[in-house]
Amino acid sequence: MTARDLVPEPLNPLGIDGVEFIEFVTGRPQALGGVLQRLGFAPIARHRSREVVLYRQGAMNLIVNAEPGGADPSATFVSAVAFRVRDAAYAMRHSLDAGAWEVPRRAAAMELNIPGILGSGESAIYFVDRYKDFSIYDVDFVPLPGTDSNPPALAGLHYFGLVQAVGAFRSSEWVDFYRQMLGFRQLTEADFVGILPKGTLLQSPCGRFYLQLIEPPEGAEDIHWDDGLVRIGLGTPDVLEAMRVLRERGVVFIDEGALHPGEKGALTQVYLGSVTFELVASRFAAG
Amino acid sequence: MDFDSVALDTSAMAGPLEVRLGAAMASGFRQVVVSAADLVSHPRGVDEAVALVRHSGVRVQALRQLQDYEGLSGPLHQYKVNIAKGLLNLCRAVGAPLLLVTASTVAEASDDAEHVARDLAKLATLAVPKGIDIAYQAQPGSRVAADVVSAEACVNAADRANLGMAIDTGHLFTGDGGLDALDRCYADRLFLVGLSDTIAMRAGDAASPAAGERTQDYVRVFPGDGSSAEALLELIRRLRVIGFHGGFCLNAANADHAQLPAAFVAEQARDSLHWLLARLRHIDLPRRRTPRPSLPKG
């Protein structure tokens with residue numbers, strides 16, 4: 001790594017280079033694992049000392065954290081996203097200077113010293129800079145015997161984005177947050193993708209990951225609406241082919257009301273009371 | 001403008017927190033502004049105080065207050081950032097969607113407006129994951145934000161969606177520029193207007209022949225009881241014209257109210273609000289935010 005490499009680009013202050021992993025917290029790891037395997041993720045390693053399993057599909061790493069201690073032991077939710085950055089220490093300093101809250105290290109799934117900041121709800125945003133010639137999972141995880149550590153992606157699936165629920169009238173401040181903290185930029189409605197083109201769409205500075213901010217719908221004051229990461233978007237170059245493959249594996253897509261699966265995208269049914277995935281037409285390769 | 005949209009600042013009343021909350025509710029108020037000091041100094045501890053407010057049935061409009069935060073450097077800055085974090089957590093716990101911040105008056109605070117704006121932006125960013133708005137209020141004695149115009153300049157320079165202004169009308173009509181100052185503001189980021197009137201009162205020894213040497217001072221009273229009544233009404237009318245959609249709170253903390261029963265002061269506040277509403281019946285001021293009733297996780 002040269003000194004030049006350490007100088008962040010102006011439009012990508014942290015040198016974000018995609019997503020290293022997304023983490024679920026769950027009190028029902030077996031049930032969630034079943035859903036993930038239907039979606040093409042394979043368990044490949046288990047944490048050395050904790051109730052944590054690493055799933056992988058193509059370039060996607062997904063951590064299922066079943067460590068006890070959450071406020072609601074039966075809940076399953078997206079608890080963290082880890083971005084690949086040029087220099088994690090720099091990313092952390094930059095974030096703290098800008099007004100981030102450092103997440104408590106002991107709450108993290110990884111024992112490796114991965115810096116992270118508080119995101120939406122109780123979720124975390126981690127910074128990982130060792131992903132090219134070193135696997136962060138080698139430190140904390142033991143490979144599961146007899147498994148392929150690099151299971152291929154089904155239908156070119158790859159991480160496309162996350163959907164975040166925000167409070168009423170609070171999208172603008174989250175736009176500020178992601179713009180200042182991570183260098184995301186807000187897209188216009190003309191750039192919207194998927195089958196749920198609403199809310200506010202942000203694109204990562206590397207151009208390969210999106211955040212969709214959704215406020216509670218008007219007239220829904222009685223709906224319980226917690227801030228947090230509510231859905232993972234999976235990109236695929238061919239949504240219809242991906243649907244066909246996933247349906248064969250038992251994945252059910254919603255096809256009712258205004259939601260119709262098609263070339264632009266598809267939404268799975270809700271699993272475990274709160275877990276859904278969205279397929280989105282995406283030109284990026286599975287990596 | 002209606003009764004339910006106006007909060008009563010509990011610092012205008014004396015007595016234990018539960019007595020003040022009860023007095024506010026008995027007088028018809030459904031929103032209050034609470035002081036962080038009142039929560040943490042509660043005899044049964046801060047958790048009990050938070051539960052007391054949460055279960056009282058009143059909504060907390062704002063928590064007061066972070067002071068002497070911005071414009072500092074080195075360890076002092078870091079110390080104040082930690083204080084701010086503590087208050088933001090308290091906002092979250094008690095269900096206050098707004099943290100009131102008064103401008104720094106300490107000698108160590110920088111007079112560099114860019115420095116102040118940078119610190120305010122940082123505070124606003126800290127507040128985002130907690131779902132809190134920041135309302136910055138001018139303070140006499142501040143080197144950068146002693147009046148509403150300069151405070152607004154700092155807020156605009158920081159440019160964060162959850163950062164706005166708070167106006168204290170008691171200060172606006174005595175130590176600041178009154179309606180003219182408001183007219184010089186864009187006021188598009190006005191989150192909170194603290195409504196109080198004042199009566200001029202000279203401090204010092206009344207028997208002294210050197211009356212001219214006494215300093216001019218003011219006693220803060222509820223709207224309608226002071227000498228700026230018409231100006232206050234005009235201010236609210238002008239807020240309507242410029243599209244204000246923040247919140248109002250009544251605050252008349254003074255030495256007399258501090259030695260009167262909370263119920264008596266709350267009734268004074270109720271009468272004051274009725275006085276305002278009777279004169280502003282046609283004024284419709286929408287709310288900026290929907291309330292945030294959900295309890296924090298964890």
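Bear in mind these aren't lab numbers, they're just calculated from the coordinates by the rules spelled out. On a predicted model such as this, the values are computed, not experimentally measured, just so you know. Because the Cβ atoms are built from the backbone with ideal geometry, glycine has one as well, and the counts that use them run over all protein chains shown.
Calculate one ³J(HN,Hα) per residue across the range A:232-243 by plugging θ = phi - 60° into the Karplus curve 6.51 cos²θ - 1.76 cosθ + 1.60, and present them in order as whole Hz with x for glycine and proline.
Going residue by residue, I get 9, x, 10, x, 8, x, 9, 4, 4, 5, 4, 4 Hz, with x marking Gly and Pro.
Past 22 Å, Cα to Cα: identify those pairs from A:LYS198/B:LYS130; A:LYS132/B:LYS122; B:LYS80/B:LYS130, in the order given.
Checking Cα-Cα distances, A:LYS198/B:LYS130; A:LYS132/B:LYS122 exceed 22 Å.
Taking just the C-alpha trace of chain A, give me its Rg and Dmax in Å.
Looking at chain A, its Cα Rg and Dmax stand at 18.1, 55 Å.
Just want the ordering: A:ILE44, A:ILE223, from fewest to most Cβ atoms lying within 10 Å of their own Cβ.
Listed from fewest to most nearby Cβ atoms, that is A:ILE223, A:ILE44.
When a/c is below 1.5 the answer is rounded, else prolate if a/b is larger than b/c, else oblate, so apply that to the range A:64-193 with a ≥ b ≥ c taken from the square roots of the Cα gyration tensor eigenvalues.
rounded
Consider all pairwise Cα distances in chain B and report the whole-number % of them above 35 Å.
16
Per-residue ellipticity at 222 nm for chain A, helices alone: DSSP H runs ≥ 4 residues times -39500 (n - 2.57), over residue total, nearest 500 deg cm²/dmol?
-5000 deg cm²/dmol
Using a/c under 1.5 as the rounded threshold, could you call the range A:117-256 rounded, prolate or oblate? The axes a ≥ b ≥ c are square roots of the C-alpha gyration tensor eigenvalues, and prolate needs a/b larger than b/c, oblate otherwise. Present the calculation step by step, with values, prior to reporting the outcome.
Values: a/c = 1.81, a/b = 1.28, b/c = 1.41.
The shape class here is oblate.
For the residues A:GLU67, A:GLU278, what sequence is obtained by ranking on other C-beta atoms within 10 Å, fewest first?
A:GLU67, A:GLU278
Step by step: find N for the protein assembly as shown, compute 2.2 N^0.38 Å, then divide the Cα radius of gyration by it. What's the final number?
After normalising by residue count via 2.2 N^0.38 Å, the value is 1.09.
Explain nothing, just the number: relative contact order of the range B:26-167, from Cα pairs under 8 Å at least 6 residues apart, as a whole percent. Let's see the in-between values first.
Working: 262 pairs, mean separation 30.1, N = 142.
21 percent.
Out of all DSSP beta bridges with both ends in the range A:3-143, state the antiparallel percent to the nearest 5.
75
Under the definition of partner shielding as Cβ atoms of other protein chains within 10 Å of a residue Cβ, what is the mean value for peptide A:170-176?
Partner Cβ neighbours, averaged per residue: 6.
How are the alpha carbon pair distances in the range B:51-205 distributed across 10 Å bins from zero to the largest one, expressed in percent?
Bin by bin from 0 Å, the calculated values are 11, 40, 33, 14, 2, 0.
Spelling out what I want: for every residue of the range B:48-62, take phi, set θ = phi - 60°, compute 6.51 cos²θ - 1.76 cosθ + 1.60 (Karplus), and round to whole Hz; glycine and proline get x.
Along the range B:48-62, the couplings run 5, 5, 5, 4, 4, 5, 4, 9, 6, x, 8, 9, 8, 7, 7 Hz.
Just for chain B, what percent of DSSP beta bridges are antiparallel, to the closest 5?
15
Tell me, what ³J(HN,Hα) does each residue in the range A:272-277 have, in order and in whole Hz, if you take phi through Karplus 6.51 cos²θ - 1.76 cosθ + 1.60 with θ = phi - 60° and put x for Gly and Pro?
With the stated coefficients, the range A:272-277 comes to 6, x, 8, 9, 9, 10 Hz.
Please report the relative contact order for the range B:1-82, taking Cα pairs under 8 Å with a sequence separation of at least 6, and give it as a percent rounded to a whole number. If you can, show how the numbers build up before the last one.
Values: 91 pairs, mean separation 22.7, N = 82.
Relative contact order comes out at 28 percent.
For a quick check, take a GNM of chain A with Cα springs below 10 Å and name the residue from A:SER204, A:SER135, A:SER274 with the largest mean-square fluctuation.
Comparing A:SER204, A:SER135, A:SER274 in a Gaussian network model of chain A, the most mobile one is A:SER135.
Rounded to the nearest 500 deg cm²/dmol, what is the calculated helix-only ellipticity per residue at 222 nm for chain B, with -39500 (n - 2.57) per DSSP H run of length n ≥ 4?
About -11500 deg cm²/dmol.
I'd like to know how the range A:3-143 sits against the 2.2 N^0.38 Å rule of thumb: what's its Cα Rg over that expected value?
1.06
Can you tell me how the range B:118-182 classifies by the Cα gyration tensor, rounded, prolate or oblate, using a/c under 1.5 as the rounded cut?
Details: a/c = 2.49, a/b = 2.07, b/c = 1.20.
It comes out prolate by the Cα gyration axes.
Taking 37 °C and 0.692 mPa s as the conditions, I'd like the Stokes-Einstein D for the range B:37-120 in µm²/s, using the Kirkwood hydrodynamic radius from alpha carbon pairs.
D, rounded to a whole number, is 235 µm²/s.
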